[in-house]
Amino acid sequence: MAVSISTVAAPEGVSFADWRDYYALLKPRVMSLVVFSSACALWTAPGHLNGFLAFVAILCVAVGAGAAGALNQWYEADIDALMKRTADRPLPAGRISSGEALAFGVALAVGSVAVMGLAVGWLAALILAGSILFYVVIYTVWLKRRTPQNIVVGGAAGAFPPLIGWAAVTGDVSALPWFMFAIIFLWTPPHFWSLALFMEADYSKAGVPMLPVTDGAAATRRQILLYSLVLVVVSIVPWALGLAGWIYGTTTAVLGGLFMVHAVGVYRNRATVAADMGPEKRLFKFSLLYLFMLFAALVVDHLALT
Amino acid sequence: MIDPRNWTPAQTAAFMAKRRSRNLALGLVLGALVLLFFGITIVRMVKL
């Protein structure tokens, strides 16, 4: 009988990791949002950056985000092993050792910052280094296991990429990229708290103090509604201040209305088991679409109206 | 660590396949890095 290679147990101390395991360490799904938001800022920023250097800048942001993801998984292997959603990641599953993951993450972090600095600019490199350190040290090591506000403060780590994209083109950071930062920062809590509501059992088992675990579902749903309201208002400010045109203004008004409909649906839901948390699952998915559409509208607006 | 001479044939085959996959990926990444640094050098030289 043929034996599948993936089912063969590795002898102790031997790496049976293949390239897919290293790729998984980079958290590619998170990376896509980071790359997209920095690319949108890069397109929207005034000025010109050589096309190849723009590609290098985006690549550095992607690799830097991947490095942060690898270092996050290196530090969190113990809690990842306890959660169904993350138990099959390369570290808790034993396919990659802790030392390999740490070396991989540090090498990518240093490499991405160095290439960004040498090829594109040192302000962009500095912000990239800051975002990696923020995600690893402030969010992963310091906040995640200590406070239910982990997602709120940690959201800043994912909000840096537009600043990096903008700085890569202009060499400085002006008002619009700060609004893009604020939008991602305010978007993070409703997005992750809706996930935490239907994954509450997993977070509780792993001892991660997410808001539904510490304060309960009702308080979390109230916070989701409040953050959604502030997010929708702040999203429209760039248009109100004349930093973006009518395409962005119209898109954000429509998307904002839909976001509030989903957030109110979550607020009104009283379910306590994941199977009945349809509104939470819908908000989680829609919030991803919201951010992608909003930033895409900003780029289209810029290309069409300038 | 178990001595490789004591591995089962299936473990040896699995190890070789995974190592080949890792080495191929590493080779591709190194090749891409060469092209990347070459491209950066050319662009920066033209800019200067």
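The values are calculated or read from the model by the stated rules, or taken from the named source; none is laboratory data. Since the model is a prediction, treat every value here as computed from it, not as a measurement. When we count neighbours, we look across all protein chains shown, and the Cβ atoms used for this are built from the backbone with ideal geometry, even at glycine.
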Check: Residues in the stretch A:273-306 that are of a type in the set (V, I, T) and either exposed (fewer than 14 other Cβ atoms within 10 Å of the Cβ) or touching a strand residue (DSSP E or B) at 6+ places or on another chain (Cβ under 9 Å) (or both): how many?
Finding: 2
Next item on the list: Quick one: which residue in A:L128, A:L71, A:L118 is touching a residue at least 60 places away in the same chain (Cβ under 8 Å), more than 30 Å from A:A201 (Cα to Cα) and touching a helix residue (DSSP H, G or I) at 6+ places or on another chain (Cβ under 8 Å)?
Entry: A:L128
Check: Do we have B:P4 as exposed (fewer than 11 other Cβ atoms within 10 Å of the Cβ), over 17 Å from the mean Cα position of the chain (by Cα) and not polar (S, T, N, Q) here?
Finding: no
Next item on the list: Would you mind finding the one in A:V261, A:V299 that is in a helix (DSSP H, G or I), closer than 30 Å to A:C40 by Cα and touching a residue at least 60 places away in the same chain (Cβ under 8 Å)?
Entry: A:V299
Note to self: Looking at the stretch A:230-246, can you tell me whether even one residue there is farther than 24 Å from A:A39 by Cβ, surrounded by 15 or more Cβ atoms within 10 Å (Cβ to Cβ) and of a type outside the set (V, I, T)?
What the structure shows: no
Check: Quick one: A:D276 ticks every box in (1) farther than 29 Å from A:L143 by Cα; (2) of a type in the set (D, E, K, R); (3) modelled with pLDDT of 95 or more bar one, so which box is it?
Finding: (3)
Margin query: Among (1) over 19 Å from the mean Cα position of the chain (by Cα); (2) facing chain A (nearest Cβ under 7 Å); (3) of a type in the set (S, T, N, Q), there is one condition B:S21 misses while meeting the rest; what is its number?
Written below: (1)
